[in-house]
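Here is the structure we will look at, set down as structure tokens.
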Ligand code: NOJ
């Protein structure tokens, strides 16, 4: 496989709204990003993925787009964006935009036109249907459990319903409509011609709808249902025709540029994801396979994480490039979910990163992860902003759960865990804003902040920096073959990465206790040099057999 720039890249994800506010309105902005480009450069990341920056009523923090070709005034102007692009490029940092193709805001001009009359030019841009027996066209539920729970909203003006798989303020687009497709292709080319380096493609596997929009046959459960309307991706995602559609998008847009496309495919967990991104599929370059990162799953054990990595590896062996991540703006903070965010916060944050940055695939860092930011724990449901958390709370309590229980269930998985403001320093509002932050700052900012990490020689930030520079100096991290060592071990994740020129060995204890780990006679017969470790006195292998809580190290073979 010919090497692409994005295989060597390290991507830093910016949720602009919570990054850095420079005008005191409590909302992060592009001038804030501009100020921090050197922070990102210093870390070593060379690509930024921006969550949506477009004009939006912010019902779903920008995933509800009202104008694809402009920047939301809360973030700045198009010129501010161009300045960020230029300054990032000067520093060797590429920019990925979030591209939301499944839906728009109901305030987008296409939709305000579409709802006016059945013969409006834009009617067919969205999915309109008459009701069935005085009810919605089918039993699909909306993902945010809004209103009565249905994925259909009635509009009296034309006496029809429109489909919205997310908020009723986010109508689904109709990709069967050729004019819509052409409009989307030209809009994407407009961004690429401006110089952006690629797209993260939002819920890309649900663009195509199942023929005839059949009812879901899924069994209703406490968590997928409100008033009998069911959120069921097995009916609504990955349906026949999705691959032809993606190939068409690729032909018309992606294939014409040297870009990175990374698709969000949250509902496929295994090899069935492969057709979207296998090298010869001509659809998208890579995907986020959720598996263990999915907040709705029980937090994975080290063994489960290893099994998931083995799955990614088997995809990679079939010429498909994967991504490495354990959190993003939709998931809880990784150190809280997979590590130990109290006693072993620093060590566990470093160990999780060790795995992400030394296994096959492009690593993604979600803002604040590099300083070990933790989940927030807001006292009241009123402190939460995320539509999913608030809607699901409503559905759970309506389904009979007590408010206390519902809040306790949602706290560790709320998307707001990732969306609290970036903790820059230990001063007011963690240095994020001089005004009132749009969402509460996490209460550990005096202990956990960037200023502190930047001034400490063995901080999490410093460790990330070292890991990223290993990627640049040891090609085996990008290209090497991977072989697990003692795959059955319950606590330790260990593997070698090998090219014809070097062999690296990684050992990481994913537990709160000291454990025994034996690398086996063959590996023990070699001489190893320590490249990086998260305890200052980690000994060389093979002498070392006891691994302390969350201890991890990267070794290289000495010839
Ligand atoms: C996935 C995005 O990551 C999430 O934040 C958003 O709510 C939905 N797609 C809808 O666009």
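If each Cα of the chain is one equal point scatterer, what is log10 of I(q)/I(0) from the Debye formula at q = 0.07 Å⁻¹? Values returned for q = 0.07 Å⁻¹ are -0.41.
Estimated at 0.36 nm per residue, the fully extended path between residue 124 and residue 530 surpasses their Cα-Cα distance by 140.0 nm. Relative protection proxy for 504-514, 126-136, 428-438, 531-541, from highest mean packing down: 504-514, 428-438, 531-541, 126-136 (other beta-carbon atoms within 10 angstrom).
Taking other C-beta atoms within 10 Å as the exposure proxy, 397, 351, 225, 342 rank 342, 397, 225, 351 from fewest upward. Axis of helix 345-358 versus longest Cα principal axis of the chain: the two differ by about 80°, to the nearest ten degrees. Counting neighbouring beta carbons within 10 Å and listing from fewest to most, the residues 192, 359 come out as 192, 359.
Take 275-283, 7-15 and order them by the average number of nearby Cβ atoms within 10 Å per residue, most first; the result is 7-15, 275-283. Distance between the 7 Å Cα→Cβ label points at residue 301 and residue 558: 3.8 nm.
Can you tell me how the stretch 44-156 classifies by the Cα gyration tensor, rounded, prolate or oblate, using a/c under 1.5 as the rounded cut? It is prolate, given that a/c is not under 1.5 and a/b is the larger ratio. Note: relative contact order over the stretch 37-114, using C-alpha pairs below 8 Å and six or more positions apart, is 36 percent.
Using alpha carbons only, what's the Rg to Rh ratio of the stretch 480-557 with Rh from Kirkwood?
Taking Rh as the inverse mean 1/r over Cα pairs, Rg/Rh reads 0.93.
Give me the percent relative contact order of the chain, please, defined on Cα pairs under 8 angstrom at least 6 residues apart.
Value for the chain: 13 percent.
Put in line by how crowded their Cβ is, counting other Cβ atoms within 10 Å and starting with the fewest, 329, 89 read 89, 329. Compared with the dominant principal axis of the Cα atoms in the chain, helix 78-90 is inclined by about 20°. Using only Cα atoms, find the angle between the long axis of helix 178-194 and the longest principal axis of the chain, and express it within 0 to 90 degrees, rounded to the nearest 10. Long axis of 178-194 versus the principal axis of the chain: about 40 degrees. For the chain, the 222 nm mean residue ellipticity estimated from helices alone, with every DSSP H stretch of n ≥ 4 adding -39500 (n - 2.57) and the total spread over all residues, rounds to -7500 deg cm²/dmol.
Could you order the peptides 207-218, 107-118 from most to least packed, using the average number of other C-beta atoms within 10 Å per residue?
107-118, 207-218
We did not get these values from a lab; they are worked out from the coordinates using the rules stated. Worth saying up front: this structure is predicted, and the values here are computed from it rather than measured. A quick note on method: Cβ atoms are made from the backbone with ideal geometry, for glycine too, and the neighbour counts reach across all protein chains shown.
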